[in-house]
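Everything on this sheet refers to the single structure shown next.
The values are calculated or read from the model by the stated rules, or taken from the named source; none is laboratory data. These numbers come from a predicted model, not from an experiment. We place every Cβ from the backbone using ideal geometry, glycine too, and count neighbours over all the protein chains shown. All accessible areas refer to the heavy atoms of the entire protein, side chains included, with ligands and DNA or RNA removed. Shrake-Rupley method; radii C 1.70, N 1.55, O 1.52, S 1.80 Å.
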Amino acid sequence: MATIFETVKAQGDCSTYVRGIESTAGLAEILSWPSSAFTLFVPTDAAFARLSNDQQTNLFADPEKRSKVLRYHIVPGYYTANDLLDRLFLKTLEGQPLRVWSSISEVPLGEREIATYKDALNYITSNTVTTAVRESITINGAHVIRADVKVDNGVLHVLDKVLIPPFTSL
C-alpha cells in the first residue's frame, strides 16, 4: 500500500486538492508520515469547479486561507464509513469540527416508522450496515461518493463538495 498523500495523488479526479496540498508548506509531509493515522475527506475536481472563479482564485492565492481549508478536510485518527455512523462530530487538523450525518440520524424509534427505515433500524438494533446506510453519510452536507480507500497511514473518503470552515469566506 501507499501513504494517504500518494493515494490521493493517484486518484485522478482529485488533482485540485493535490495541487493545494503540494503548495501548502508541510502538508504533504504530514500526510506522508507512515507512523500516523489520518482520515482524509477529499473533494473531487468537480467539487472545486462548483466554486466560483473568484472563490477558487481567493482560495489558492491566500496561503493562510488555503492551509485552513485543506486542513479542515483532515481528521487525526482512522475512521471508516462504519465508524462514521457512530459519530456526530470529528475534530479536524484545522481545529474546528466536522458534522457527520446519515440516514441513521433521522430514524424515528416509534413502531409505525420502523418499516420505512429498515436499513437504518437494522444498524441501530443489530449493527448491520447496508450499502444504502453507508451511502447516506454526509460530512457538513457533502456526500461521501467513494468511501474507505484504505492506505498505510489512514483512510480517505471522496466528497462531492469542498468543505469550508465556519467563519471563513472565500
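Things to note:
- Close Cβ contacts (under 8 Å, 6 or more residues apart or on different chains) running from residues in the stretch 54-83 that are closer than 21 Å to ILE139 by Cβ to residues that are among the aromatic types (Phe, Trp, Tyr) and not in a helix (DSSP H, G or I) comprise HIS73/PHE41; ILE74/PHE38; ILE74/PHE41; VAL75/PHE38; VAL75/PHE41; PRO76/PHE38; GLY77/PHE38; TYR78/PHE38.
- Of everything in the stretch 81-95 that is part of a loop (DSSP other than H, G, I, E, B) and not charged (D, E, K, R), the residue that is farthest from the chain's Cα centre (by Cα) is GLY95.
- Conditions (1) open to solvent by less than 50 Å² (accessible area, probe 1.4 Å); (2) on the phi < 0 side of the Ramachandran plot; number of the one not met by GLY26: (2)
- From the options LYS91, LYS9, LYS65, residue that is of a type outside the set (Phe, Trp, Tyr), within 18 Å of ILE164 (Cα to Cα) and surrounded by 15 or more Cβ atoms within 10 Å (Cβ to Cβ): LYS65
- Of the numbered criteria (1) under 16 Å from the mean Cα position of the chain (by Cα); (2) touching a residue at least 40 places away in the same chain (Cβ under 8 Å); (3) open to solvent by 10 Å² or more (accessible area, probe 1.4 Å), the one ASP45 fails is (2).
- Among (1) closer than 18 Å to LEU159 by Cβ; (2) modelled with pLDDT under 95, the one test that GLU94 misses: (2)
- The stretch 68-88 - residue that is among the hydroxyl-bearing types (Ser, Thr, Tyr) and closer than 18 Å to GLU135 by Cα and, of those, surrounded by the most Cβ atoms within 10 Å (Cβ to Cβ): TYR79
- Every residue from the stretch 150-170 that is touching a strand residue (DSSP E or B) at 6+ places or on another chain (Cβ under 6 Å) and of a type in the set (Lys, Arg): LYS161
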